[in-house]
Structure formats: structure tokens, C-alpha cells
Amino acid sequence: MTDAMNKALAVKEISFVRRTSARALLTLAVALRRTARRLEGGHPGAGYSPAVTGASAPRPDHEQPLRTRVTADPVFWGLVRKDLYFSRLVMVGAFLTAAIGLGAQMLGGSFAAAILLFCAGAAPAAFLCIFLISAERQERSHLFALSLPISPSRYLLAKVLAVTTAFAVPWALLGLGICLLLAISPASAGLLPYFTVVWLFVLDQYCALLSVMVASQSAAVVTAAMVMFNVSPSLFFYYIARWANPEPSAVVVWTAYELRIVTIELGVAAACFALTLWCVLRQRDQT
């Protein structure tokens with residue numbers, strides 16, 4: 001009886017040792033697999049293996065290596081190029097409007113030239129934000145892009161990058177060109193501070209409108225933002241810009257009021273664009 005019990009205990013102990021060893025080996029194998037995936041740039045719980053799924057297998061956004069997410073993502077850059085292609089007419093229209101405005105200035109139509117130049121800077125902001133962001137949501141055409149291997153946040157980041165590039169290129173080139181024309185004109189160099197104040201206001205309009213388009217999917221909010229976009233120039237020129245409007249002269253003089261307005265405008269643009277990027281990073285759904 002005692003021998004039988006000893007044999008039974010020995011068999012039980014051997015079985016326990018085998019199970020414990022098997023668990024230890026399995027745990028070690030899992031740890032080695034996770035370490036290998038970390039070295040490959042994957043995620044330990046993603047279940048991704050290039051040898052099994054292939055290089056084209058999509059992974060969630062937080063599981064993508066940084067190089068793939070930013071510099072080597074064909075879907076991301078394809079969406080950016082597509083939006084820039086559709087923005088080309090708006091960009092060309094901005095330059096044509098500015099050219100017409102400069103022609104009107106040479107013919108003596110200073111007021112018409114000022115309106116055309118302001119529209120050349122501000123109108124692309126409205127067209128780009130409406131047609132490339134808001135209209136795609138309303139028509140649900142963005143769902144095709146979201147069916148591709150790209151996350152909602154990266155899709156929206158591609159939108160912001162394309163729209164900002166399409167706006168910034170004509171805005172910067174036109175601003176630089178007008179500043180050069182004012183600087184080389186002996187009688188108009190004194191208008192440089194005033195033009196800077198007005199041109200930075202156009203940048204504020206774009207950044208504020210972009211932040212609203214990205215942060216909200218409500219048609220009512222977008223409509224209210226467009227109404228404010230159209231009303232704000234009148235309020236700006238009546239309450240702010242008229243106090244900075246100098247007489248044409250050959251001397252550039254920056255007043256304390258103009259410097260304060262420029263500082264506020266730069267702060268508003270930075271805050272609105274930071275809000276846009278924050279909303280992009282927190283984006284989880286675009287349906």
C-alpha cells in the first residue's frame with residue numbers, strides 16, 4: 001500500500017514538473033516573440049508578422065512605425081497630392097485676382113485694388129475649407145478614403161496639410177510680392193506696417209475657419225463660422241485697421257498700436273492652428 005502511494009506521488013510530481021516546465025517554455029517563447037516584434041517596429045499585441053501577412057497588411061495607427069506613419073505612407077501622401085491637385089484652380093485664381101488688383105492700382109483705382117488684393121488672400125481660405133473638408137463630409141465622399149488603410153486622424157491630417165499648403169503658398173507669395181512693391185515705391189513704403197496688419201488678419205481668418213471645420217461636423221456650426229468669416233472683415237477695418245492706417249510716405253514707422261495688433265494676430269493664428277492639430281490628434285471617427 002505504501003509503495004503504491006509513493007509511486008502515485010512520484011508520478012504526480014513528475015507530471016507537475018512537466019506542466020511547469022511547459023508553461024515556462026511557453027512564457028519564454030511568447031516573450032521572445034514580443035521582443036522580436038518590438039525590434040521590427042511592431043506592437044507586442046498586434047499579431048502582425050511580415051512573413052505571414054505581407055508588407056501590405058494594414059495595422060492600426062498606433063501600431064505603425066513612425067517612419068511608415070509620416071514619411072513612407074503612400075495612402076497619406078496620395079490624399080495630399082489629390083487635394084492639392086483639386087486646389088490648383090483656387091491657387092491660380094488667387095494670383096489672377098491679385099494681378100487684376102495690381103492692374104487696377106496702376107490705373108488709379110486704389111479702392112478697387114485694395115478689395116481685390118484682400119479677396120485674393122481671403123477667398124482661398126473659404127473655398128478650400130468648404131470644398132475640401134466640409135463638402136466632403138456633407139456628401140459622404142470621404143468614406144471611400146476612410147476605406148483605405150488609413151486612420152481617421154491621419155486622413156484628417158492629410159486634409160489639413162493639403163489645405164494649409166494650398167492656402168499658404170499664394171498667401172505668402174502675394175504678401176511677399178506686395179511688400180516688395182511697397183518697399184521699392186518711394187511714396188508707399190510707409191504703408192508696410194498697415195499692410196502687415198491686414199495680411200496677418202487674413203491668416204487669422206484662415207486659421208480660425210480651419211479649426212472650426214476640423215473640430216465640428218455640425219452644418220449649423222459651419223454655417224455660423226462662414227457668416228462670421230464674411231462679417232469679420234467689416235468689423236476689423238472699422239474697429240481695428242482704421243486706427244493703424246497711416247498716410248502714404250517714404251518712411252516706415254511702426255507704432256506701438258500696430259506692434260500690439262501684430263502680436264495679437266500672431267498669437268491668435270498660433271492658438272487656432274494648435275487647436276486644429278489637437279483636434280486632429282484626438283480624431284477617432286469621421287463617419
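For this structure, a couple of remarks:
- Only one entry in Ala224, Ala189, Ala220 is of a type outside the set (Asp, Glu), in contact with a helix residue (DSSP H, G or I) (Cβ under 7 Å, 6 or more places away or on another chain) and on the phi < 0 side of the Ramachandran plot, namely Ala189.
- Of the residues making up the stretch 226-239, those that are out of contact with any Leu (no Cβ under 6 Å at 6 or more places or on another chain) and surrounded by 13 or more Cβ atoms within 10 Å (Cβ to Cβ) are Met226, Met228, Ser232, Pro233, Phe236, Phe237.
- Residue ID - nearest to Ile133 (Cα to Cα), chosen from residues in the stretch 69-113 that are among the hydroxyl-bearing types (Ser, Thr, Tyr) and modelled with pLDDT under 85: Thr71
- Among the residues of the stretch 113-143, the one identified as among the hydroxyl-bearing types (Ser, Thr, Tyr) and buried (at least 18 other Cβ atoms within 10 Å of the Cβ) is Ser134.
- The stretch 165-179: number of residues that are surrounded by 17 or more Cβ atoms within 10 Å (Cβ to Cβ) and not aromatic (Phe, Trp, Tyr): 5
- Looking across the stretch 180-208, the residues that are buried (at least 16 other Cβ atoms within 10 Å of the Cβ) and free of Cβ contacts under 8 Å to residues at least 40 places away in the same chain come down to Leu182, Phe195.
- The criterion of being out of contact with any Lys or Arg (no Cβ under 7 Å at 6 or more places or on another chain) and loosely packed, with under 14 Cβ neighbours inside 10 Å holds for Arg88.
- Complete set of residues in the stretch 92-145 that are part of a helix (DSSP H, G or I), under 18 Å from Ala158 (Cα atoms) and hydroxyl-bearing (Ser, Thr, Tyr): Ser134
- In the set (1) in contact with a Lys or Arg (Cβ under 9 Å, 6 or more places away or on another chain); (2) surrounded by fewer than 19 Cβ atoms within 10 Å (Cβ to Cβ), the condition left unmet by Leu146 is number (1).
- Note on the stretch 241-275: residues that are touching a residue at least 60 places away in the same chain (Cβ under 8 Å) and aromatic (Phe, Trp, Tyr) total 2.
The values are calculated or read from the model by the stated rules, or taken from the named source; none is laboratory data. Since the model is a prediction, treat every value here as computed from it, not as a measurement. So basically every Cβ, Gly included, is an ideal-geometry build from the backbone, and we count neighbours across all protein chains shown.
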